[in-house]
Amino acid sequence: MGVRTCESRCLFSGSKGEVCCIEPLHSKPDLKDHPITQFSLLAMASLTKILVIGLKPSLKVWMTFPYGRMDPSSVPLLAWHFVAVHNYVNPMLAFCRGDVVHFLLVKRDESGAIHVTKQKHLHLYYDLINFTWINSRTVVLLDSAEKLHVIDRQTQEELETVEISEVQLVYNSSHFKSLATGGNVSQALALVGEKACYQSISSYGGQIFYLGTKSVYVMMLRSWRERVDHLLKQDCVTEALALAWSFHEGKAKAVVGLSGDASKRKAIVADRMVEILFHYADRALKKCPDQGKIQVMEQHFQDMVPVIVDYCLLLQRKDLLFSQVYDKLSENSVAKGVFLECLEPYILSDKLVGITPQVMKDLIVHFQDKKLMENVEALIVHMDITSLDIQQVVLMCWENRLYDAMIYVYNRGMNEFISPMEKLFKVIAPPLNAGKTLTDEQVVMGNKLLVYISCCLAGRAYPLGDIPEDLVPLVKNQVFEFLIRLHSAEASPEEEIYPYVRTLLHFDTREFLNVLALTFEDFKNDKQAVEYQQRIVDILLKVMVENSDFTPSQVGCLFTFLARQLAKPDNTLFVNRTLFDQVLEFLCSPDDDSRHSERQQVLLELLQAGGIVQFEESRLIRMAEKAEFYQICEFMYEREHQYDKIIDCYLRDPLREEEVFNYIHNILSIPGHSAEEKRSVWQKAMDHIEELVSLKPCKAAELVATHFSEQIETVIEKLQNQVLLFKFLRSLLDPREGIHVNQELLQISPCITERFIELLCQFNPTQVTETLQVLEGYRLEETIQITQKYQLHEVTAYLLEKKGDIHGAFLIMLKRLQSKLEEIMHQGENTKQDPLLKDVEDTTLETIALCQRNSHNLNQQQREALWFPLLEAMMAPQKLSSSAAPPLHSEALKSLTMQVLNSMAAFIALPSILQRILQDPVYGKGKLGEIQGLILGMLDTFNYEQTLLETTTSLLNQDLHWSLCNLRASVSRGLNPKQDYCSICLQQYKRRQEMADEIIVFSCGHLYHSFCLQNKECTTEIEGQTRWTCYKCSSSNKVGKLSENSSEIKKGRITPSQVKVSPSCHPSKGDPAVKKATSEPVLDPQQIQAFDQLCHLYRGSSRLALLTELSQNRSSESYRPFSGSQSGPAFNSIFQNENFQLQLIPPPVTED
């Protein structure tokens, strides 16, 4: 007794990290009875982990948590606080080291054990040195840059940042580094001590105390009132109202000073917001600019008044808005107008329904003064009618034509649904009865009347909403009774019966009947409504059938409406069938030719709506054919599957005759039709084939080719008209016509094609040549006979050329040219026939083109047989002419002669041309001046070609010199081995010098002993010389047999390396074969490799290579400019190519 004892237990060793921070769990007085307090929890943070320890009833470690990877200089932080989670208050531990804050919720279960659960992490972008709870929702963080961050814990939103560097915070570095005891702490603890400030910051009761070097600073969160007042002092009224509204809605963060239940908090905030709104209204009036434009004042109030209106409506304080606020703003007329205009969007969106009568009156007057009557109408139909002066509003609506608003006031204010209809009928009925055209305004009124009647009969309010359910039957009966009245209330003696139905039918028959149809859908089970239906149908028939002032379209609409009603399964209407016969007589009346298409369309709609059961089909078809209603006939024939007769309907109908092709195609191609039906349709098409071809030849040809390609000859026999036959065959055979048929599948006989060519010669001879160029499947001999029959010389020449008879084609063209030249020579001297000269030019150009096309494939003698007769033909007119009297068009003929000379110079040697001209008897005896132009032209051509040849030779020599210089430099370049040992035996080459062995170095850098290479079979014999290949470079591509390697080297596909040392096996000097083989300069493998490397080094082809490639494509005869006995791939160049030539065309010679 009396002796104090102490029991200790080692929880961890300091060698694993000293404890930097210890934080016990403190509980407020109101939480002393919390079950967690009996454990006396203590949180400790070391340099490596944190521990949660229970001191009572016995020492126990409840949790350990390692930090993981973090900055070693960051400070471990701990902080407890009680928070409410799922309506239970439990302690939450926040710990951090670095930039990630972890939250751990600690709670006790029923068994008495403590459970720790992780909550959401908080990831930051800065390093923390202090963590403080200011309340259960808000934490304050201090980073290493001495900036305070206020954070909302649940949303992790940063609310505010404050710089506190002026505090000059005291750090605990000296204690952590233990400077007083000589610094006997670990380096890790000393590093943490740089930022440690545990004893300098403390919190209590929502306040945080910071110890500075000169004073102590206290920081706390402002209360909600202080935050609002702070914004007001800065004159940020709209921001203050927005903040207060967030307090009102419970959406604000870090709220202090607002307690109690939700309704109490809202009431407190609302009172403060009302005070701010009054202040804002006063401020708006005081700061209004006294001078300036009215637009400036309007803009001022438009920036401020809507804010007041918005928050009054958000707070649901309409009493305040329409009393005190409205009275304040009414002191300024501009502010009052802006206020009233602000109400419009709320009224239109039905957010503001109840308005005081005074404000409503001012609102209507304001919009009325600004001529915004459409806005007034839109506002009235959204308002509570009790706030309006009904008499005043009705009068205003009628004066300003606000029919929607007027109907709304009558319906909602007085439950009167008939009076608006009477007022609208009085406006539109007189002009309709007088047969006048309605104005746009009257048309709008009529449309509104139809919509209003439809809404009433459907139980909907106009223009929006629904009629009260207890009034729906009454309203329907009233509207029906009104429509079927025999006479109007103030009827004149001349008024016809049923004026309202008659007026609506005249206004828009189709829409009125649609309204009735919709109404009949809703009245299926109502017995009284069925009676109304029959009654109104009888009235419609009486009004329309017994009067002749309705158009066929209107009458047809009525009977289409009736047919649809009668076709329904649950139909209860009765209509006399004779009325349908009368309508049929009326629509098909032969005495009335007007509105033919309209009457046909009306009858078609009537039949499609189910009215066909009301007619006798045979009589209907007879009357439709008599009236030329071909669409009706088609409708009836299609019901009976008489598709062949429908073709007659299309052909007789001028509006739809071109659609017959698609119809026939669909019947023949779409499945579902029987073979007999298809056969009858095709037979009908064959009977009318001439009509089809005359209508659309392309479509007819495509139809025949698609479905009955084997019956083309039958179709041709039926086409007796030669013009139609020509059009049909042109569409069928000429691919330029664009029919979508595969010509190869048609298998048309040559006779048909030749028949088409003959018709083409008759009807369009100028197009024969162009057509033959694209046409296929004709025989040349027979076609030549046809063209000779019709004396189409150009076409005959084209066919002879295609046949291969070039000389025959040339003779025809030459004969034609000579005849043209004779005509131009025999014409009178005083006449000038430009068309004839143009004909000569065209014929000459065609003959030149013929000679040019075929000269490539002819020898020299054959070429001269073409060109010299053409030249003589062109020079003949000039021989006959006299120098004293030159013939007409002599200049043009000279130009054409020079053109012939220029063209033939590319194929005939110039000396031959000159010799032929000089040997001519006429020129041989004459003076030089007569042929001076021709000779000078040829000399110019010679000079041009000589210059071109010299330039080309110079370019070739330059390229050759450049290539050989680079080749020599590449071959003679020294080699640098990569290593000083053999790549096969791996021994240094110096050690084996005592042996009679040579060292071989390749351009790739590998080094070998010649003996090693021979053992690896890397030698080949080519023309008596030993060739070496690199073992390493060629081993991956080696084929395996030396014979194969040798052959590949000869062909140049393997690139051997350069050999710097002469091979060990030398050819015998006495071998004549070796002498013969080596007498010619041949590139050895290393030179071939160097040349290949050179080609790869310089990108792109040289001019020599380009000319070589061009020369290989030439196939005409030429002389060899050079000769030599070199052979092999290295000398297979342009100079040894026998086909090399330059085909030159000299420039045209112009006379000065």
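The values are calculated or read from the model by the stated rules, or taken from the named source; none is laboratory data. Bear in mind the structure is a predicted one, so any value in this text is a computation, not a measurement. Cβ placement follows ideal geometry from the backbone for every residue including glycine, while neighbour counts extend to all protein chains displayed. Just the protein is used for accessible areas: all its heavy atoms, side chains included, with ligands, DNA and RNA removed. Shrake-Rupley method; radii C 1.70, N 1.55, O 1.52, S 1.80 Å.
Values for this structure:
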quantity	calculated
Filter pass, residue 52 being of a type in the set (Val, Ile, Thr), assigned by the TED database to the domain that holds residue 142 and over 24 Å from residue 193 (Cα atoms)	no
Criterion (assigned by the TED database to the domain that holds residue 25, surrounded by 19 or more Cβ atoms within 10 Å (Cβ to Cβ) and of a type in the set (S, T, N, Q)) met by exactly one of 130, 135, 172	130
Within region 500-514, considering residues that are among the charged types (D, E, K, R) and open to solvent by 40 Å² or more (accessible area, probe 1.4 Å), the one nearest to residue 559 (Cα to Cα)	510
Search result, residues across region 453-499 that are touching a Gly at 6+ places or on another chain (Cβ under 8 Å) and surrounded by 13 or more Cβ atoms within 10 Å (Cβ to Cβ)	467, 472, 475, 476
Hey, residue 346 of a type in the set (Phe, Trp, Tyr), in contact (Cβ under 8 Å) with a residue 12 or more places away in the chain and over 20 Å from residue 278 (Cβ atoms) or not	yes
Qualifying residue in region 735-751 (condition: assigned to a helix (DSSP H, G or I), at negative phi, open to solvent by less than 20 Å² (accessible area, probe 1.4 Å) and without any contact (Cβ under 8 Å) to a residue 40 or more places away in the chain)	no
Filter pass, residue 450 being at pLDDT 85 or above and either open to solvent by 60 Å² or more (accessible area, probe 1.4 Å) or within 52 Å of the chain's Cα centre (by Cα) (or both)	yes
Looking only at region 991-1012, and only at residues there that are of a type in the set (A, V, I, L, M) and at pLDDT below 85, the one that is least open to solvent (accessible area, probe 1.4 Å)	995
Candidates 845, 858, filtered to the one that is of a type in the set (A, V, I, L, M), at negative phi and not in a helix (DSSP H, G or I)	858
Residues of region 762-783 satisfying the condition of being part of a helix (DSSP H, G or I) and either at positive phi or open to solvent by 10 Å² or more (accessible area, probe 1.4 Å) (or both)	762, 763, 765, 766, 767, 769, 770, 773, 774, 780, 781, 782
Single condition residue 150 does not satisfy, out of (1) under 30 Å from residue 223 (Cβ atoms); (2) open to solvent by 40 Å² or more (accessible area, probe 1.4 Å)	(2)
Tabulated pairs, region 447-474, first touching a residue at least 40 places away in the same chain (Cβ under 8 Å), second among the aromatic types (Phe, Trp, Tyr) and part of a loop (DSSP other than H, G, I, E, B), C-beta under 8 angstrom, 6+ apart or interchain	452/462
Failed item, numbered, when residue 414 is tested on (1) open to solvent by less than 40 Å² (accessible area, probe 1.4 Å); (2) of a type outside the set (Lys, Arg); (3) touching a residue at least 24 places away in the same chain (Cβ under 8 Å)	(1)
Cross-chain or 6+ apart pairs with Cβ under 9 Å, region 640-662 first and closer than 18 Å to residue 672 by Cα, then open to solvent by 70 Å² or more (accessible area, probe 1.4 Å) and of a type outside the set (Phe, Trp, Tyr)	644/683; 646/638; 662/699
Single unsatisfied condition, residue 1034 versus (1) more than 59 Å from the chain's Cα centre (by Cα); (2) at pLDDT 50 or above; (3) open to solvent by 20 Å² or more (accessible area, probe 1.4 Å)	(1)
Condition met for residue 142 (touching a residue at least 60 places away in the same chain (Cβ under 8 Å) and either hydrophobic (A, V, I, L, M, F, W, C) or in a strand (DSSP E or B) (or both))	no
Some residue of region 712-726 being open to solvent by less than 70 Å² (accessible area, probe 1.4 Å), closer than 23 Å to residue 663 by Cβ and touching a Ser or Thr at 6+ places or on another chain (Cβ under 7 Å)	yes
For residue 821: the one exception among (1) touching a helix residue (DSSP H, G or I) at 6+ places or on another chain (Cβ under 8 Å); (2) farther than 24 Å from residue 716 by Cα; (3) modelled with pLDDT of 85 or more	(3)
Selection status of residue 806, outside the structural domain of residue 845 (by the TED database), touching a Ser or Thr at 6+ places or on another chain (Cβ under 6 Å), within 22 Å of residue 855 (Cβ to Cβ) and surrounded by 19 or more Cβ atoms within 10 Å (Cβ to Cβ)	no
Filter result for residue 230 (open to solvent by less than 30 Å² (accessible area, probe 1.4 Å), assigned by the TED database to the domain that holds residue 342 and of a type outside the set (D, E, K, R))	no
Any hit, region 71-84, residues being touching a Ser or Thr at 6+ places or on another chain (Cβ under 8 Å), closer than 25 Å to residue 177 by Cβ and in a loop (DSSP other than H, G, I, E, B)	yes
Output for region 420-446, where each listed residue is open to solvent by 60 Å² or more (accessible area, probe 1.4 Å) and not aliphatic (A, V, I, L, M)	423, 426, 430, 433, 435, 436, 437, 439, 440, 441
Total residues in region 979-990, condition at pLDDT below 80 and surrounded by 11 or more Cβ atoms within 10 Å (Cβ to Cβ)	2
Those residues of region 417-451 which are of a type in the set (Phe, Trp, Tyr) and farther than 16 Å from residue 509 by Cα, in sequence order	417
Criterion (in contact with a Phe, Trp or Tyr (Cβ under 7 Å, 6 or more places away or on another chain), in the same structural domain as residue 89 (by the TED database) and assigned to a strand (DSSP E or B)) met by exactly one of 102, 115	102
